[in-house]
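**Q** Please find one structure pasted underneath; my questions will follow.
Where a number appears in this text, it was derived from the coordinates with a stated rule and is not lab data. Every value quoted in this text rests on a predicted model; they were computed, and no experiment measured them. Cβ atoms come from the backbone with ideal geometry, glycine included; neighbour counts cover every protein chain shown.
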Amino acid sequence: GAGVSQSPSNKVTEKGKDVELRCDPISGHTALYWYRQSLGQGLEFLIYFQGNSAPDKSGLPSDRFSAERTGGSVSTLTIQRTQQEDSAVYLCASSLDGTSGVREQYFGPGTRLTVT
Amino acid sequence: KNQVEQSPQSLIILEGKNCTLQCNYTVSPFSNLRWYKQDTGRGPVSLTIMTFSENTKSNGRYTATLDADTKQSSLHITASQLSDSASYICVVRENNAGNMLTFGGGTRLMVKP
């Protein structure tokens, strides 16, 4: 079956430009997460969507980062005025729901963002 | 601050050998602990999820242990294969955090023929 998909797989952008990263979760999954993995670093939580509830934005590193989830399915992570330190792999994950702590999260392949 | 520490950072073993990866955490209150395998250029894939009451859980050649008293977990890989070469990430969830997981830095394992 279809897993979590992300696009683009690679994105190179100039410093100061805006970028949009897309995530298509597994159909039927109500919970969606965005993470960032910088080179040599562990995964860092960014934002979490659960159904129609207000998202948990506590992991967003600055107000240049924002995310939307339209219709409870596809999500877009937007980074405005990109900086070189934004270069990382951005991973999206989904789960059946986020309210049970044991629910498995399924990860997408990630988008590798390089800011030059 | 909640932390998850993994050791070693990297490990090289010969095909067919066993190895054990360690994870120590300070996350409290504890909900569950997960081990993920992440191949280069791919997203993490879950190997095991362990709750407070579980001490051991196996998934094929992978066996995870959990000691909630000492806040330690290990992942044992038996009869390693070349395809086991990957990063192994320990992830711990708080019991009342709602959504946030704390990720370890991972152990990069290389299995050589």
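**Q** Across 5 Å bins from the origin, how do the percents of Cα pairs in the protein assembly as shown run, short distances first?
**A** 1, 7, 14, 18, 18, 17, 12, 8, 3, 1, 0
**Q** For peptide B:37-46, how many partner chain Cβ atoms fall within 10 Å of a residue's Cβ, on average? List each step's numbers first, then the result.
**A** Details: counts 0, 5, 1, 0, 5, 5, 16, 9, 3, 4.
Mean number of neighbouring Cβ atoms from other chains: 5.
**Q** Show which lysines lie in cross-link reach of A:LYS17 when reach means a straight Cα distance below 26 angstrom and same-chain residues fewer than eight apart are skipped.
**A** A:LYS57
**Q** Determine the shielding of peptide A:33-40 by partner chains: average, over its residues, the number of Cβ atoms on other chains within 10 angstrom of each Cβ.
**A** Details: counts 3, 0, 4, 0, 7, 0, 0, 4.
Taking all residues of A:33-40 together, the mean is 2.
**Q** Now a separate question. Which one, B:GLY60, B:GLY41, B:GLY16, has the greatest fluctuation when you compute a Gaussian network model over chain B with C-alpha springs under 10 angstrom?
**A** Ranking B:GLY60, B:GLY41, B:GLY16 by mean-square fluctuation puts B:GLY41 first.
**Q** Follow-up question, since we're still on this one. Please report Rg over Rh for chain B, where both radii come from the alpha carbon positions and Rh follows the Kirkwood definition. If you can, show how the numbers build up before the last one.
**A** Values: Rg = 13.5 Å, Rh = 14.0 Å.
Using Cα coordinates only, the ratio equals 0.96.
**Q** I'd like the distance between the alpha-carbon centres of the stretch B:7-79 and the stretch A:29-76, rounded to an integer number of Å.
**A** 25 Å
**Q** Packing-wise, with mean Cβ within 10 Å as the measure, how do B:3-14, B:82-93 rank, highest first? Walk me through the intermediate numbers first.
**A** Working: B:3-14: 14.0, B:82-93: 20.1.
Ranking, from highest mean packing down: B:82-93, B:3-14.
**Q** Sort A:64-70, A:18-24 by the packing proxy (mean of other Cβ within 10 Å over each peptide's residues), most packed first. It would help to have the intermediate numbers written out before the result.
**A** Details: A:64-70: 15.6, A:18-24: 17.9.
Sorting A:64-70, A:18-24 by mean packing, highest first, produces A:18-24, A:64-70.
**Q** Classify the stretch A:12-64 from the C-alpha gyration tensor, please: rounded if a/c falls under 1.5, else prolate or oblate depending on whether a/b exceeds b/c.
**A** Details: a/c = 1.70, a/b = 1.60, b/c = 1.06.
Taking the square roots of the gyration eigenvalues as a ≥ b ≥ c, the stretch A:12-64 is prolate.
**Q** Report the normalised scattering of chain A as log10 I(q)/I(0) at q = 0.12, 0.21, 0.23 Å⁻¹, calculated by the Debye formula with identical scatterers on the alpha carbons.
**A** Each listed q corresponds, in turn, to -0.38, -1.15, -1.36.
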